[in-house]
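Working notes, beginning with the structure itself.
The values are calculated or read from the model by the stated rules, or taken from the named source; none is laboratory data. The structure presented is a predicted model; accordingly, all values stated were derived computationally and were not measured. All Cβ positions, even for glycine, are placed from backbone atoms using ideal geometry, and neighbour counts span all protein chains on display. Note: areas computed on protein heavy atoms with side chains; ligands, DNA, RNA excluded. Shrake-Rupley method; radii C 1.70, N 1.55, O 1.52, S 1.80 Å.
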Amino acid sequence: MKAKILVTGGLGFIGSHTVVALQERGFEVVIIDDLSNSSLDVLGGITKITKTTPEFEHLDLRNKEKVAEFFVKYPDINGIIHFAASKAVGESVENPLLYYENNLNTLIYLLQHLREQKNPRFIFSSSCTVYGQADELPITESAPIKKAESPYGNTKQIGEEIIQDTCKAHPEFQAISLRYFNPIGSHPSAHIGELPIGTPQNLVPFITQTAIGKRKELAVFGNDYPTPDGTCIRDYIHVMDLAQAHVVALERLFGKREGPNYEVFNLGTGKGNSVLEVIQAFEKVSGEKLPYRIAARREGDVVAAYADTTKANEELGWRAQYSLEEALDSAWKWQQRIGR
Ligand code: UD1
C-alpha cells in the first residue's frame, strides 16, 4: 500500500515542488490549500510533470469544523507536511493577529487531529529566521533562538515549541522541523515555480521580474554592511533540493524506531552569497543586464546568515546538489515562461 501524505499549502512555492518529489517517490498526496497565495493552475503544472493529479481540497485551515470534516473524509492519512502559512514579514508587523491565527491556530488543529492517529508523523516548515543575527557563522541547529524580529518570525518559533511540547507529551508522535534558509528557483521543466502575488518582497523574484521588464529596477537594500562587498549575505538554496529534503525527512519518520521523537534540521547549501554576487550570477546565466541601484537598508534584515548543514548531511544523508547558477537559471526560465 502506498502511504498517503497530506500536504498543506501544497499549491504554494515549496509545497508544489515537494508534492512533485513525493509523487515521484511513490507517495500518494492529498493537498489542502486555501488559494490565498497560490493558484489552481499549479495543480495542472504538477500533473504535467508527474502525470498524476494529486487529490485536492480547497480548504481554509482556520475553519476548525472543516478541518474535522477533512479528517473524516480522509481517515487514512499517514503523515502531514505542513507548509500552509502566511509569510510576508512586513504584513505580519502590520497585522500580527492575522499571522498568529493563520500560522498557529491551523497548526494546533492539525496536531489535534494527528494525535488521534496510530502513527502521527509531522513535518513543519520552519525558517532560519528563528536564529535572527546569529553570533557564529555558519549557523548550527544549536545556535540560540533570538527574540523574533517580526510576528511572522515569532510564529515559526512558537510553532516549533508547540510541536516540541506535543512530542514530549505524546511519545508516539514523530516530528521534524525543517529550518529553510533562502529558497529560490523552480522546477527545471518550468511547469511550476514561484508565483508572488503583488510586488515581490524576496530578492530573486524581484530580480527576474525586473529582468523581464515588469519592474523598473532592483533596489539593493544597503551596501554599508560589514561584509566584503557591503551587501547582506544569505544561503540561497534551490527549491528542488529543498523538496528532496522533505522526502528524505518523511522517510526518516517512517523508518524511525528509536532516538528523539522531535528533531530539527537546517536546510541550506552551507554557502553564503551577497546580494551583489546574486545579481552578477543572474546576469551571467541570463545574459541580461540587470538595472539596480543601491538603496537604504531594510529594517529587520540581518547582515549574514548561512547554514552549517552537517546535521542534515550526516543524519538525513541529504545534501544540496544544485548551484546558485542552476537555481537562478531555473528561476529565469520560469519567469520567461509566465511572462510579465
Ligand atoms: C525573508 C524574511 C525571512 C523569511 C523569508 C521568507 C526578512 C527580514 N526576512 O528572508 O524571515 O523567512 O523572507 O521568504 O524579511 N534584497 C534586496 N532587494 C530586494 C529584496 C531583497 O536587496 O528587493 C536583499 C535583502 O536585503 C536580503 C536579501 O536580498 O539581504 C534576501 O532578501 P529576501 O529574499 O527578502 O530574504 P530574507 O530577508 O533573507
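Below are the figures for this structure:
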read-out	value
Exclusive hit being touching a residue at least 40 places away in the same chain (Cβ under 8 Å), more than 30 Å from L111 (Cα to Cα) and of a type in the set (F, W, Y), set F221, F181, F206	F221
Flag for L114 being under 25 Å from Y180 (Cα atoms), open to solvent by 70 Å² or more (accessible area, probe 1.4 Å) and over 20 Å from the mean Cα position of the chain (by Cα)	no
Test result for K216, surrounded by fewer than 22 Cβ atoms within 10 Å (Cβ to Cβ) and either more than 13 Å from the ligand (Cβ to nearest atom) or over 21 Å from K333 (Cβ atoms) (or both)	yes
Qualifying residue in the range 317-334 (condition: assigned to a loop (DSSP other than H, G, I, E, B), touching a residue at least 40 places away in the same chain (Cβ under 8 Å), at positive phi and more than 19 Å from the chain's Cα centre (by Cα))	yes
The listed residue being within 20 Å of F124 (Cβ to Cβ), open to solvent by 20 Å² or more (accessible area, probe 1.4 Å) and among the hydrophobic types (A, V, I, L, M, F, W, C), out of V302, V239, V248, V285	V248
From the options L290, L253, L267, residue that is in contact with a Leu (Cβ under 6 Å, 6 or more places away or on another chain), at pLDDT 95 or above, of a type outside the set (D, E, K, R) and open to solvent by less than 20 Å² (accessible area, probe 1.4 Å)	L267
Of residues in the range 149-186 being farther than 15 Å from G132 by Cβ and assigned to a loop (DSSP other than H, G, I, E, B), the one most open to solvent (accessible area, probe 1.4 Å)	P171
Inter-residue pairs, beta-carbon under 7 Å, first within 30 Å of R297 (Cα to Cα) and in the range 232-258, second within 14 Å of the ligand (Cβ to nearest atom) and in a helix (DSSP H, G or I), 6+ apart	C232/V275; Y236/V278; Y236/L324; Y236/A327; H238/A327; V239/F13; V239/I14; L242/I14
Among residues of the range 219-239, those that are more than 9 Å from the ligand (Cβ to nearest atom) and either on the phi > 0 side of the Ramachandran plot or assigned to a helix (DSSP H, G or I) (or both), counted	2
